[in-house]
1. Just wondering, is there one or more residues in region 196-214 that are in a loop (DSSP other than H, G, I, E, B) and farther than 30 Å from residue 468 by Cβ?
2. Could you check region 323-360 and list, in sequence order, the residues that are surrounded by 23 or more Cβ atoms within 10 Å (Cβ to Cβ), of a type in the set (S, T, N, Q) and out of contact with any His (no Cβ under 8 Å at 6 or more places or on another chain)?
3. If I ask for residues that are assigned to a loop (DSSP other than H, G, I, E, B) and crowded, with 24+ Cβ neighbours inside 10 Å, which ones from region 79-120 would you list?
4. Does any residue in region 270-294 that is among the aromatic types (Phe, Trp, Tyr) come within less than 8 Å, Cβ to Cβ, of a residue that is open to solvent by 30 Å² or more (accessible area, probe 1.4 Å) and at pLDDT 90 or above six or more places away or on a different chain, and which pairs are these?
5. Just the residues that are in contact with a strand residue (DSSP E or B) (Cβ under 8 Å, 6 or more places away or on another chain) and open to solvent by less than 80 Å² (accessible area, probe 1.4 Å), please, taken from region 241-292.
6. Across region 121-154, what is the number of residues that are open to solvent by 30 Å² or more (accessible area, probe 1.4 Å) and either without any contact (Cβ under 8 Å) to a residue 60 or more places away in the chain or among the aliphatic types (A, V, I, L, M) (or both)?
7. If you check 506, 413, 450, which single one turns out to be in contact with a helix residue (DSSP H, G or I) (Cβ under 6 Å, 6 or more places away or on another chain), touching a residue at least 40 places away in the same chain (Cβ under 8 Å) and surrounded by 16 or more Cβ atoms within 10 Å (Cβ to Cβ)?
8. Can you tell me which residues in region 384-405 are modelled with pLDDT under 55, under 26 Å from residue 173 (Cβ atoms) and either touching a helix residue (DSSP H, G or I) at 6+ places or on another chain (Cβ under 8 Å) or charged (D, E, K, R) (or both)?
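The values are calculated or read from the model by the stated rules, or taken from the named source; none is laboratory data. Please read all numbers here as calculations on a predicted model, not as lab measurements. Neighbour counts are summed over all protein chains in view; Cβ atoms, including those assigned to glycine, are modelled from backbone coordinates with ideal geometry. Accessible surface areas use protein heavy atoms only, side chains included; no ligands, DNA or RNA. Shrake-Rupley method; radii C 1.70, N 1.55, O 1.52, S 1.80 Å.
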Amino acid sequence: MRAPISTATCILFVCLCSMLTSGCTTLPSLEHRTISRALPLDESKDTTLGKSISHMAAAHTGKSGIHALSDPQDAFAARVLIARAAERTLDVQYYIWHKDLTGTLLFEALHAAANRGVRVRLLLDDNSTAGLDPTLSGLDLHPNIEVRLFNPFVIRAPRWIGYLTDFSRLNRRMHNKSFTADNQITIIGGRNVGDEYFGATDGILFADLDVVALGPVVKDVSDDFDRYWNSQSSYPVSLLLPAVNAEQLVKLRSEAGTLEQSPSAAAYINAMRKSTLIRQLLTATIELEWAPTHMVSDDPRKGLGQVPNSQLLTHDLDRIIGKPRSVVELVSPYFVPTETGVAGFVAMANRGVKIQVLTNSLDATDVAAVHAGYAKRRKPLLEAGVKLYEMKRLSPESRRNRSAGPFGSSGSSLHAKTFSVDGSRIFVGSFNFDPRSAKLNTELGFVIDSPEMARHISAAFSDRIPDIAYEVKLSDTGNLYWLENQEGKQIRYDSEPHASLWRRASVGFLSFLPIDWLL
């Protein structure tokens, strides 16, 4: 039997690794990096999209047109079709981008746009780009495409080595998601790019929400993209990744062509063929909710820990939304309210505000630490009258979305991030109600002043959520129990539904650890 490794030996090993890697983890200089900006509005209005959208927006001064994308195949088709409709620019920003079926097809959509003369700027958070280096370098070779990585890992593999010397920076990620064409139309919301976000896999599924937006808020998104693109955290891949040859783009086109002919792609190719989004845009027949819309976004300096608390996105949300008076309905895959957050919810409930929350159940999430941060707050919330619903697992399989990292979103679960306030305005975006979104990651979203959209969220809590989620209740003796509606019958569980004893014990242990700030 091998002798156990002593604590002193472990510490010595970490110190040696730190010394050995310290000279290899210096980020390259950005001195000669180019600065670029979004397409000016006067030029963007001369595009085909611009002419049509300007005509529609003129009839709704001061308002933006919003079109919800709840269906995953529609959400995929919208991105591809907007890329195909772009004539001048595509500005694309994501936290996760997989090179699977949908990710490869979207890479090729950007490549095809560049071949038409469209300038493409692709900004990806580097936390989830493992395995993509050759593709990203290949795209960057194209004269009309530039690729940058946010808060990059200097050591490309294994990436965990970077945490030994640069944990504070690498623990902060860019969680923003936006897809903008010609500075005229954008998609923002909760979806990353990958099969699990667009319903293209049986093993990992996400219930998610995006919105298409046009009108004045699009310029806000473009200006915000420029802030990130030109920030001190965004590095051209040419400074970081090994050089490749032009064959990478030929390979990408070939891979996309093969995937387009595969049976697994049939539903997505059909969705693109059937989608009337662009045709309706050009004929001004698209169904839109015209409403005052405010973009909220973190300063990209948050990725370096250089933004004071008073300037975080959370403070913009408080300023724009104000103090809820009657109803708050919140949907968040990660709901870690912390002790301070609980106090805020209790205070609202004591003022007579009706509060309903939908988050993931322990069975639906595979990040036990995150559930632990939420589970220990359930009793005081329920005692205050807050209604808690926990989403059931969407798929019987339990494979993990590994590229999301140790604090990424789980498989087969809720992924949408939205809430409504007082039946009059809603938030849609990337922000989870947890300390990581509040303090560490950068986030982006819209506050939309729309009673109609708020009614849709209220209707979901009344009509649909009780059938797809467990309601958590508190017994007279102070114990938690869960109610499930199943084929007209109500089933009661006195412990976390469909979660093993080991899983429940793990959550119980983790709830005692001081790790909320990481979640």
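1. No, region 196-214 contains no residue that is in a loop (DSSP other than H, G, I, E, B) and farther than 30 Å from residue 468 by Cβ.
2. Once the filter is applied, which keeps residues that are surrounded by 23 or more Cβ atoms within 10 Å (Cβ to Cβ), of a type in the set (S, T, N, Q) and out of contact with any His (no Cβ under 8 Å at 6 or more places or on another chain), region 323-360 yields 332, 359.
3. Correct list: 86, 95, 96.
4. Short answer, once both residue conditions are applied: 290/60; 290/63.
5. Correct list: 277, 281, 286, 288, 289, 290, 291, 292.
6. Qualifying residue count, region 121-154: 6.
7. 506
8. Selection gives 399, 400, 401, 402, 403, 404, 405.
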